[in-house]
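The values are calculated or read from the model by the stated rules, or taken from the named source; none is laboratory data. These numbers come from a predicted model, not from an experiment. For neighbour counting, all protein chains shown are included, and Cβ atoms are generated from backbone atoms with ideal geometry for every residue, glycine included. Note: areas computed on protein heavy atoms with side chains; ligands, DNA, RNA excluded. Shrake-Rupley method; radii C 1.70, N 1.55, O 1.52, S 1.80 Å.
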Amino acid sequence: QAAGVADRHAALEFSASDNSFILQDFNSPHGTFVNSCQVQNAAVRVSPGDILSFGTAGASFQLVVDGAAQVGLGMPGKG
């Protein structure tokens, strides 16, 4: 909860088909930002290292992905 952040503001989803993340803004009144570029009522692909922020006074978050956690490649065999 922060000033300028709506209850249903945005969603971050993983797309297994191309192993990427999609950030969807739900037409939030104060916008969603990726690397200081506003996303309004749209979906954009985001990459590890991108800076995501929500609303005019919202906190910023850096997208960090564990390189070992590749979806769809199976789990390495254990001992």
| What part of the accessible area of segment 10-56, given as a whole %, is carbon or sulfur when the probe is 1.4 angstrom? | 50 percent
| request: Using only the alpha carbons of segment 10-56, determine the length spanned along each of the three principal axes and report them from longest to shortest in whole angstroms. | output: 31, 20, 11
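Around N19, with a cut-off of 14 angstrom between Cβ atoms, what is the net charge of the other residues, counting Lys and Arg +1 and Asp and Glu -1? Display every interim value, and only then the final one.
Details: positive: R45; negative: E13, D18, D66.
Residues near N19 contribute -2 overall.
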